[in-house]
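See structure below.
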């Protein structure tokens, strides 16, 4: 569904219905007025308190309200056909919470709900009445309502972290029952404590899967999450048996485009002291790191790969066969302190960006790094960033 919508939107951009500015799109004034005219019976916006809700047709399906007037917000309840509701207000007292409760109890057809309020500390449990809700965007609340775990049609939960202090039981315990969930944006420390995330088989993006050596937090949770498009696996040093990583079955995830593999949450300034430190704590096992990386072979559909704080001395076995990752466009290796020989990245036909940082054991880029003189080295490369490598021998790079 998202892909289809994206294609339609791209067509509108090509036809100049929208113009791109940085991370946003803008519509020309004339087109905006035309769109307002065409959608007048279904879409409406209230941006000042003087606008009368009485002139809004009852057929309205999409409504945006920016008002601190409690009476204005209270009257929203009369629009029984609403499918999407955007609420922006700055008052977060109990009166507004009570009004939200009445809105949720009355407008049960809402599919999309956005609440923009930095003062609001809680969302009323009555949100559980919105059985058709697909998309929820909120901010600043200290705890998610428990009834959220009963909204089985939910596909998107977006929580904008504003620095508010959240409660230890921020998440409902049964949130992993939302099997239709496609996207989940939460503070990292909340995701860190999320048990049994592997039940979310429809999830498409996971910006932080934190491995623990406990049931419900092991890497095998990823086994059946085959819809993932973006995945960031953190704290791989907590894997105690390399066979566990094979259970993640990354090679089966055909939709996975962006993969980040991270071992240790440390940024290194002095490599030698860092290695001595982790060795003294008995947490340095280069052989285990190597076997773990061997078992994390992704599907050939992958386009972006990042590896951080890997302590192994060699590349993964699958990285020496470019046919297994030939579609890569972006590679970043950072703080892989013991890595000695790089894979044949120069043979990757679509590689546009290569970033190598803090890899002091790499002394040369040998013949495996490129093609043996017959074809072009890095045919698509646009960005090459090499920092803190002591390379003495390397192939000659000739600009196009």
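The values are calculated or read from the model by the stated rules, or taken from the named source; none is laboratory data. Source: prediction; values computed, not measured. Every residue, glycine as well, gets a Cβ built from its backbone with ideal geometry; the counts of neighbours run over all protein chains shown.
General observations
- Residues satisfying the stated conditions in the range 188-210, i.e. out of contact with any strand residue (DSSP E or B) (no Cβ under 7 Å at 6 or more places or on another chain) and over 22 Å from residue 152 (Cα atoms): 189
- Complete set of residues in the range 313-332 that are surrounded by fewer than 17 Cβ atoms within 10 Å (Cβ to Cβ) and assigned to a strand (DSSP E or B): 332
- Residue check for residue 46: within 30 Å of residue 80 (Cα to Cα) and either in contact with a strand residue (DSSP E or B) (Cβ under 9 Å, 6 or more places away or on another chain) or at pLDDT 85 or above (or both): yes
- Members of the range 237-255 that are over 17 Å from residue 318 (Cα atoms) and touching a residue at least 24 places away in the same chain (Cβ under 8 Å): 237, 238, 239, 240, 244, 255
- Among the residues listed as 345, 310, the single one being in the same structural domain as residue 242 (by TED's automatic domain parsing) and either surrounded by fewer than 17 Cβ atoms within 10 Å (Cβ to Cβ) or out of contact with any helix residue (DSSP H, G or I) (no Cβ under 6 Å at 6 or more places or on another chain) (or both): 345
- The set of residues in the range 129-149 being within 19 Å of residue 186 (Cβ to Cβ) and not in a loop (DSSP other than H, G, I, E, B) consists of 135, 136, 137, 138, 139, 143, 146, 147, 148, 149.
- Any hit, the range 128-143, residues being surrounded by 18 or more Cβ atoms within 10 Å (Cβ to Cβ), touching a strand residue (DSSP E or B) at 6+ places or on another chain (Cβ under 7 Å) and over 28 Å from residue 202 (Cβ atoms): no
- The single residue among 166, 191 that is within 29 Å of residue 88 (Cα to Cα), in a loop (DSSP other than H, G, I, E, B) and modelled with pLDDT under 90 turns out to be 166.
- Wholly enclosed helices (runs of 4 or more DSSP H) of the range 1-91 bearing at least 2 residues more than 31 Å from the chain's Cα centre (by Cα), farther than 18 Å from residue 112 by Cα and in contact (Cβ under 8 Å) with a residue 24 or more places away in the chain: 70-74
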